[in-house]
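J.: I am attaching a structure below and will ask some questions about it afterwards.
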Amino acid sequence: MELGRKVKLMQGNQAIVEGAFYAGARFYAGYPITPSSEIAEESAKRMPLLGGIYMQMEDEIASMAAIIGASLAGAKSFTATSGPGFSLMQENLGLAVMGEVPCVVINVQRSGPSTGLATKPAQSDVMQIRWGRHGDQSVIALCPASVSECFTLTVTAFNFAEKFRVPVILASDEVVGHMRENITIPSPGELAVAERKKPTGEPAAYKPFIADEDGVAPLASYGSDYVFHVSSSMHGPDGYSNNNPANAAWRVAQLHKKIEMHREEIIITKTFDTEDADILFIAFGATTRASRAAALELRKQGIRAGVLQLMTIWPFADKKIASLGERAKTVVVPEMNYSGQVAGEVQRILGAGADIRKVNSYNGEIITPQDILKAIL
Amino acid sequence: MNIVENFDLFAPRLINKKELISAGHRACQGCGEVLAVRLMCKALGENTVIASATGCMEIISSMYPTTAWEVPWIHVAFENAAAVASGVESGLKSLRRKGKIADSDVKVVGMAGDGGTMDIGLQALSGAMERGHDMLFVCFDNEAYMNTGIQRSSGTPMGASTTTAPAGKVSMGQKTWKKNVAEIMVAHNIPYVATACPSYPLDFINKVEKAKKIKGPSYIHCFTVCPTGWRCGSDQTISLGRLAIETGIFPLYEVENGRYKLSAEMPKKLRPIKDYFKSQGRYRHLTEDQVKMIQDGVNREYKKLLNKVKCLEAWT
């Protein structure tokens, strides 16, 4: 099968698979769950034709563990799931952070808690994505709002994972996953595709956790001349178990620092008419679309409204929000969860005095432009 | 020793008339699984608590604002029907011990599909059986994740095409043999293990009745035809179930305290499996060689089973 520039009508979930293939992913391990199953099905059909491996696991715990193993063997790997499955993946996501194993986890969010409304959308995993595991750590999470963003952000997710040796979570939702739109698939080379840094020195001297100046250590592959340890226990630069407090402090800080160092590159946002906006919508995923419609409606009525779309939700776009939020009189945060998980972050940045209006939906229904307009008018 | 002494007296007119899973649920036309659940409930009666894993049976029976269940029923996460059932059983036991509730006979039942039993739920099931709870676990096996769109499970048989084990240029569909969970349960040394199929309703009801009377863990593996996922006519549910037994691809047997016994429904001579494959879309792509390879596998497994029946007869 050829990967070339073409225009296609496809579903968000399919576009994620296209993006993964474009980025060079050749290993998928997963477990079926609505509303992400199309990602598994599409991978199962097409992975063998690309010489890759599709592996169906016995549960999500095994799925996450398998992509860690495959990635350490050198293959770009990913899995896809939704709420309950994502919860089961948490322990091994922590292992991927600790072992600095590049991999991509797609979470097509659905309504919860527990089985919840299995076929309905939600954006209620924002905090689980950031803090769902025990221990002190940092991850990257991206959030597509359209089918074409499903493609590009999947490529970006793999690039970040490979560059920064970190699991990247692509937090889609049921609306974006199942929506169909035309997208243009770029030809090979059009989008940058990153590969992990490999060690070049003497194999015997290789230390898998000694970072270069960019904060990231080169990663060898299992089965190569480089024989190395990866441990879920606290470990030293050589990967061997190490309980020394100074070593633990260095490791934990390093896991955070490598993300902090590259914040500017990692945080991707889009703005629509924000230059003179009195009313600023801060949105991510499916709600971006309703926010844009609402902003256009307000402009028609002569009210200056604009939209800031967070394509990266973790790390959080503090600086961008601070600068745009300062100018705006009112900030509106529409999101499909009860407590306003992103609104809380916005409040943290803009302070208690800011006029922040939350628009929340937690009944499985999407937020419409009208719902958003009601919050302002 | 037979657990039910008088089961020769069993006749259709003695079947519980009360429906404990009511009509009006949302199962597909010709669903073999909900038929099996109905028969199971008839055999269990009202003094039953059911813990059900995520799956078709949960979706079709409990969609808000209705429920088809006439017994206490809890839908749990996907992986832990057996663990929740363990908790219910132990909770009741503890309250009985303290004299807080009447010392009545309540059977706790865990149920799940093939995915919820054989894949994600196997650990919880093994734990519950090993701890020896007074509970019955029934696996309703329709050989794939039908609820989410026909993805393969470890219960999917060799050669069947599913959405995540699709048959095509490079693949014959499922390339692994079906996991034999009944045998895994036998290996837990529990008092009663049986296989069943709603195409033989009296046999199935008998087996559930036996399991109900046992004080301790028991397991029934129930083979249920799924017209939607198997790509067959919805009027074939009963006949395909029969063919699965007549061809030996899913033999009916019981293991009581380690002793194997073939069920009376098993024919003396098995039919070729191609009779069973013929009307199912999921097997349509198979070549003659592939069918032969699967036939050899079925023969081999059946022979193993017959040997177990024979040698353990001598042992007891």
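Any read-out appearing in this document is the output of simple, stated calculations on the displayed coordinates, not a laboratory observation. All values reported here derive from a predicted model rather than from experimental measurement. Ideal geometry is used to build each Cβ from the backbone, glycine not excepted, and the neighbour counts take in all protein chains shown.
J.: Just for the protein assembly as shown, what percent of DSSP beta bridges are antiparallel, to the closest 5?
T.: Just about 30 percent of them are antiparallel.
J.: If r is the Cβ-Cβ distance from B:Lys213 to A:Glu275 and R0 is 45 Å, what FRET efficiency results, to the nearest 0.05?
T.: The formula returns an efficiency of 0.05 here.
J.: So how much slack lies between A:Arg299 and A:Ala204, counting 0.36 nm per residue of separation and subtracting their Cα-Cα distance, in nm?
T.: Here the segment from A:Arg299 to A:Ala204 would lengthen by 27.8 nm.
J.: Let me ask you something else. For chain B, report the convex hull volume of the alpha-carbon atoms normalised per residue, in Å³, without decimals.
T.: With only Cα atoms used, chain B gives 135 Å³ per residue.
J.: Among A:221-228, A:98-105, how do they line up by average Cβ neighbours within 10 Å per residue, starting with the highest? Present the calculation step by step, with values, prior to reporting the outcome.
T.: Values: A:221-228: 14.2, A:98-105: 25.6.
Descending packing order for the listed peptides: A:98-105, A:221-228.
J.: Please give, to one decimal in nm, the separation of the simple spin-label points placed at B:Lys100 and A:Val193, each 7 Å out from Cα toward the Cβ.
T.: It is 6.1 nm.
J.: Toward the positive end of the charge dipole of region B:160-316, about the Cα centre and with charges on Cβ (Lys, Arg +1; Asp, Glu -1), which of B:Ala194, B:Ile220, B:Thr176 goes farthest?
T.: B:Thr176
J.: Now for a different question. So, in Å, what gap is there between the alpha-carbon centers of region A:112-181 and region A:291-354?
T.: If we compute the Cα centre of each part, the gap is 20 Å.
J.: Under the Kirkwood approximation for Rh and a Cα-based Rg, what ratio Rg/Rh is obtained for region A:256-377?
T.: Rounded to two decimals, Rg/Rh equals 0.96.
J.: Straight-line reach from B:Lys18: which lysines fall under 26 Å, measuring Cα to Cα and dropping same-chain residues less than 8 apart?
T.: Counting by Cα, and skipping residues close in sequence, B:Lys18 has these lysines nearby: B:Lys42, B:Lys107, B:Lys207, B:Lys210, B:Lys212, B:Lys213, B:Lys215.
J.: Give me the net charge of A:Leu296's neighbourhood, meaning all other residues with Cβ under 13 Å from the Cβ of A:Leu296; Lys, Arg count +1, Asp, Glu -1.
T.: Numbers: positive: A:Arg289, A:Arg292, A:Arg299, A:Lys300, A:Arg304; negative: A:Asp273, A:Glu297.
My count for the surroundings of A:Leu296 gives +3.
J.: What's the extension gain from B:Asn307 to B:Ser90 if we count 0.36 nm per residue and subtract their Cα-Cα distance?
T.: Gain on extension, B:Asn307 to B:Ser90, equals 74.3 nm.
J.: For region A:10-23, in order, what is each residue's ³J(HN,Hα) by Karplus, 6.51 cos²θ - 1.76 cosθ + 1.60 with θ = phi - 60°, in whole Hz (x at glycine and Pro)?
T.: The phi angles translate into 8, 8, x, 4, 5, 5, 5, 5, 4, x, 5, 5, 4, 6 Hz.
J.: Among all the lysines, which ones have a C-alpha under 16 Å from B:Lys268's C-alpha, if same-chain residues fewer than 8 places away are not counted?
T.: Within reach: B:Lys303, B:Lys304, B:Lys310.
J.: Right, here's the next one. Would you tally the net charge around A:Pro199, using a Cβ to Cβ cut-off of less than 10 Å, leaving A:Pro199 out, and scoring K and R as +1, D and E as -1?
T.: +1
J.: Same structure again: Convert 20 °C to kelvin, take the viscosity as 1.002 mPa s, use the Kirkwood radius over C-alpha pairs of chain A as Rh, and evaluate the Stokes-Einstein diffusion coefficient in µm²/s, rounded to a whole number.
T.: 101 µm²/s
J.: A further question on this structure: Be a star and scan region A:115-153 for residues whose amide nitrogen sits under 18 Å from the point 7 Å along the Cα-to-Cβ vector of A:Met261.
T.: Answer for region A:115-153: A:137-140.
J.: I'd like the distance between the alpha-carbon centres of region A:355-377 and region A:221-257, rounded to an integer number of Å.
T.: 46 Å
J.: Only sites in a loop by DSSP and with at most 16 other Cβ atoms within 10 Å count here; which trypsin sites (Lys or Arg not before Pro) in region A:189-297 make the cut?
T.: The qualifying sites are A:Lys197.
J.: In square nanometres and to one decimal, what's the mean projected area of the convex hull around the Cα atoms of region A:45-160?
T.: Across all orientations, region A:45-160 yields a mean hull projection of 7.7 nm².
J.: Also, I was wondering about something else. Count, for each residue of B:154-162, the Cβ atoms from other chains sitting within 10 Å of its Cβ, then give me the mean as a whole number.
T.: That works out to 1 on average.
J.: Using the count of nearby Cβ atoms within 10 Å as a rough guide to exposure, how do B:Cys28, B:Cys226 rank from fewest to most?
T.: Arranged by neighbour count, lowest to highest, B:Cys28, B:Cys226 become B:Cys28, B:Cys226.
J.: Now for a separate question. List the lysines whose Cα sits under 20 Å from the Cα of B:Lys175, skipping any in the same chain fewer than 8 residues away.
T.: Filter leaves A:Lys45, B:Lys274, B:Lys278, B:Lys292.
J.: Rounding to the nearest 10 and keeping the result within 0 to 90°, find how far the Cα-based axis of helix A:287-300 lies from the longest principal axis of chain A.
T.: 30 degrees
J.: For the pair A:Ser221/A:Thr119, report the inter-label distance in nm, with labels modelled 7 Å from Cα in the Cβ direction.
T.: 4.2 nm
J.: Any idea how far apart A:Asp212 and B:Met63 come out in nm if each label point goes 7 Å out from Cα toward Cβ?
T.: Modelled inter-label distance: 5.5 nm.
J.: Ok, one more. Run through region B:51-96 and list the GluC sites (Glu not before Pro) located in a DSSP loop whose Cβ has at most 11 other Cβ atoms within 10 Å.
T.: Hits after loop and neighbour filter: nothing returned.
J.: Let's see if you can work this out: charge +1 on each Lys and Arg Cβ, -1 on each Asp and Glu Cβ, no other charges. What is the dipole magnitude of chain B about its Cα centre, in debye to the nearest 20?
T.: Its charge dipole is roughly 320 debye.
J.: With point charges of +1 on the Cβ of Lys and Arg and -1 on the Cβ of Asp and Glu, referenced to the Cα centre of region B:1-146, which listed residue (B:Cys28, B:Ser104, B:Ala43) lies farthest in the positive direction of the dipole?
T.: Checking the options against the dipole of region B:1-146, the answer is B:Ser104.
J.: Related question: Run through the DSSP bridge list for chain B and note the antiparallel percent, rounded to the nearest 5.
T.: Approximately 30 percent, going by the DSSP bridge assignments.
J.: log₁₀ I(q)/I(0) of the protein assembly as shown at q = 0.11 Å⁻¹, via Debye over equal Cα point scatterers, no solvent, to two decimals?
T.: -1.16
J.: Where Lys and Arg each count +1 and Asp and Glu each count -1, what net charge lies around B:Glu246 among other residues with Cβ under 12 Å from its Cβ? Write down the numbers at each step before the final one.
T.: Values: positive: B:Arg242, B:Lys268, B:Lys269, B:Arg271; negative: B:Glu265, B:Asp275.
Neighbour charge sum, excluding B:Glu246 itself: +2.
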